[in-house]
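Trainee: Right, I'll just put the structure down here and ask away after.
The values are calculated or read from the model by the stated rules, or taken from the named source; none is laboratory data. Treat the numbers as computed from the prediction; the structure is a model and nothing was measured. Every residue, glycine among them, receives a Cβ derived from its backbone with ideal geometry; neighbour counts consider all protein chains shown. Side chains included, ligands, DNA and RNA excluded: accessible areas come from the protein's heavy atoms. Shrake-Rupley method; radii C 1.70, N 1.55, O 1.52, S 1.80 Å.
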Amino acid sequence: MSFKTLGLSDKLLKAISDEGYNKPTPIQKQAIPIILQKRDVLAGAQTGTGKTAGFTLPLLQMLDDGPPPKGKRQVRALILTPTRELAAQVAQSVETYGKYLPFKSTVIFGGVGVNPQISTLRKGVDIVIATPGRLLDLIEQKALNLSQVECLILDEADRMLDMGFIRDIRKILAFLPKRRQNLLFSATFSKEIKKLADTLLNNPALIEVARANKTAEQIKQIVYPVDKKRKRELISYLIGSNNWKQVLVFTRTKHGANRLCEQLGKDGLSSAAIHGNKSQGARTRALANFKEGSVRVLVATDIAARGIDIEELPHVINFELPNVAEDYVHRIGRTGRAGSIGEAISLVCIDEDELLQNIEKLTKYKIPKVKIKGFEPDKTIKAEPIQKQGGRSRKGGGQSSREHKPQRRQSSNTSRRRS
Ligand code: AMP
């Protein structure tokens with residue numbers, strides 16, 4: 001099947017072919033025609049499936065099918081994402097696929113000056129891509145009017161709820177017109193997501209590719225059992241002896257990310273850390289250096305890594321398993337994207353046995369365990385409880401507001417940043 005049969009205009013087809021895409025991915029095949037029918041959609045898709053084009057292409061097509069913009073542009077489409085990085089990436093996709101169309105789009109997120117954003121909005125834009133916190137600030141400052149929005153897209157909705165954005169989202173919804181199309185994309189389906197879908201979506205079409213709580217088949221997964229205090233040595237050994245050039249490593253905490261990054265540096269492996277305490281500039285720089293190859297190891301916490309799109313990332317290493325099993329699916333979704341094979345390695349110490357079991361239960365897959373010679377775990381070491389402080393619990397509330405500190409805020413690597 002080619003893109004031609006999906007109901008997209010020549011201008012969009014040209015932009016797609018400029019990107020070198022020959023055929024639509026499964027999510028694109030399913031989502032594009034349904035979205036073009038102006039139906040609400042509930043879609044289960046991880047990053048790496050091509051979901052961004054899956055909603056951006058039909059969105060641009062629908063806007064183009066409407067009357068051409070005249071007078072000051074009104075915001076006709078709003079895309080909400082959990083993180084700045086993802087917002088920037090989606091905005092890039094809107095630009096890329098819409099390059100032959102007359103629409104203006106802008107990206108809104110926190111951590112950068114507000115005035116340029118206000119001035120762009122004042123000039124008029126058709127599409128806004130935003131993280132919820134800063135968007136709400138701007139709505140409250142009357143810097144933008146959402147009363148003409150025809151289509152609302154929530155991207156990575158599960159992560160938005162995890163980060164405690166539900167209250168901000170509900171507040172934003174109150175500024176949108178009642179009649180509109182809603183598209184909700186989520187990698188996993190928790191009870192909270194189903195509840196949000198029930199209140200937001202009107203008779204949605206359900207689309208699911210590579211079942212939500214299942215890990216993608218093109219990812220080779222492996223567990224290396226190792227003692228906690230020897231993980232750093234093992235990771236340097238793995239990267240060095242295999243001569244891996246581009247490795248994304250996950251830690252549970254920001255502090256842990258910094259420490260590991262320093263230690264890898266001492267082992268002669270160029271590395272950078274990205275997490276919520278780093279400025280936007282530092283994160284963008286680290287990501288750019290990683291992409292172009294001057295940084296070999298990118299150490300990230302879950303939230304900072306969310307939505308990072310690095311094509312054909314070959315290796316993901318869980319230096320520590322995440323406290324929440326769904327995060328494992330998100331983490332390893334960074335590798336083996338769009339058809340290429342990737343490898344997801346987890347360094348698991350005895351304290352993490354239960355976390356591993358939870359992951360295997362969720363993904364319904366028993367990850368092969370391989371002991372590495374010289375790093376076999378010391379059988380005399382007993383399991384110790386993992387400090388929960390640095391992680392989060394899904395039952396932790398999801399409540400967020402700028403007035404109330406959500407419970408998760410205390411967590412070091414997953415605190416809800418003002419976006
Ligand atoms: P996403 O799931 O939206 O993060 O997309 C993952 C990656 O797949 C991005 O790097 C896209 O550029 C790429 N991609 C999207 N659609 C296609 C396609 N039809 N063929 C090949 N690559 C694609």
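Trainee: Of everything in the stretch 1-16, what is open to solvent by 50 Å² or more (accessible area, probe 1.4 Å) and either farther than 15 Å from Leu60 by Cβ or outside the structural domain of Cys151 (by TED's automatic domain parsing) (or both)? Give them in sequence order.
Mentor: Once the filter is applied, which keeps residues that are open to solvent by 50 Å² or more (accessible area, probe 1.4 Å) and either farther than 15 Å from Leu60 by Cβ or outside the structural domain of Cys151 (by TED's automatic domain parsing) (or both), the stretch 1-16 yields Met1, Lys4, Thr5.
Trainee: May I ask you to list the residues in the stretch 217-259 that are acidic (Asp, Glu) and over 20 Å from the mean Cα position of the chain (by Cα)?
Mentor: Matches in the stretch 217-259: Asp227, Glu233.
Trainee: List pairs: first in the stretch 92-103 and in contact (Cβ under 8 Å) with a residue 60 or more places away in the chain and among the charged types (D, E, K, R), second outside any loop (DSSP other than H, G, I, E, B) and within 14 Å of the ligand (Cβ to nearest atom), Cβ under 9 Å, 6+ apart or cross-chain?
Mentor: That search, which allows pairs on different chains as well, returns Lys99/Ala15; Lys99/Asp18.
Trainee: Same structure, new question: With the structure loaded, tell me whether Leu60 is at pLDDT 95 or above, within 24 Å of the chain's Cα centre (by Cα) and more than 24 Å from Ser190 (Cβ to Cβ) or whether it fails that test. So that I can check it myself, show each step before the final result.
Mentor: Values: at pLDDT 95 or above: yes; within 24 Å of the chain's Cα centre (by Cα): yes; more than 24 Å from Ser190 (Cβ to Cβ): yes.
Yes, satisfied.
Rundown of residues vs (1) under 24 Å from Asp155 (Cβ atoms); (2) open to solvent by less than 20 Å² (accessible area, probe 1.4 Å), yes/no style:
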position: Lys266; (1), (2): no, no
position: Gln280; (1), (2): yes, no
position: Leu287; (1), (2): yes, no
position: Gly293; (1), (2): no, no
position: Val299; (1), (2): no, yes
position: Ile303; (1), (2): yes, yes
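Residues checked against (1) at pLDDT 95 or above; (2) open to solvent by 70 Å² or more (accessible area, probe 1.4 Å):
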residue: Leu206; (1), (2): no, yes
residue: Val209; (1), (2): no, no
residue: Glu217; (1), (2): no, yes
residue: Lys220; (1), (2): no, yes
residue: Val226; (1), (2): yes, no
residue: Arg230; (1), (2): yes, no
residue: Val249; (1), (2): yes, no
residue: His255; (1), (2): no, yes
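Trainee: Is it fair to say Ala143 is aliphatic (A, V, I, L, M) and crowded, with 22+ Cβ neighbours inside 10 Å?
Mentor: Values: aliphatic (A, V, I, L, M): yes; crowded, with 22+ Cβ neighbours inside 10 Å: no.
No; evaluated as a whole, the condition is false for this residue.
Trainee: Let me ask you something else. What strands (runs of 3 or more DSSP E), lying completely within the stretch 1-109, carry at least 2 residues that are near the ligand (Cβ under 10 Å from one of its atoms)?
Mentor: none
Trainee: Scan the stretch 44-65 and report the pairs whose first residue is among the charged types (D, E, K, R) and whose second residue is within 13 Å of the ligand (Cβ to nearest atom) and in a helix (DSSP H, G or I), with Cβ atoms within less than 6 Å and a gap of 6+ or a chain change.
Mentor: Lys51/Ile27
Trainee: Can you name the residue in the stretch 301-332 that is within 16 Å of the ligand (Cβ to nearest atom) and closer than 18 Å to Gly276 by Cα and, of all such residues, is modelled with the highest pLDDT?
Mentor: Arg331
Trainee: Now a separate question. If you check Phe185 against the conditions, is it assigned by TED's automatic domain parsing to the domain that holds Arg84, open to solvent by less than 10 Å² (accessible area, probe 1.4 Å) and touching a strand residue (DSSP E or B) at 6+ places or on another chain (Cβ under 8 Å)?
Mentor: Here the answer is yes, as Phe185 does meet what is asked.
Trainee: While we're looking at this one, here's another question. May I ask you to list the residues in the stretch 34-49 that are crowded, with 21+ Cβ neighbours inside 10 Å and at pLDDT 90 or above?
Mentor: Ile35, Val41, Leu42, Ala43
Trainee: Given the conditions (1) on the phi < 0 side of the Ramachandran plot; (2) buried (at least 22 other Cβ atoms within 10 Å of the Cβ); (3) in contact with a Pro (Cβ under 8 Å, 6 or more places away or on another chain), report the number of the one that Gly164 does not fulfil.
Mentor: Only one criterion in (1) on the phi < 0 side of the Ramachandran plot; (2) buried (at least 22 other Cβ atoms within 10 Å of the Cβ); (3) in contact with a Pro (Cβ under 8 Å, 6 or more places away or on another chain) is unmet by Gly164, namely (1).
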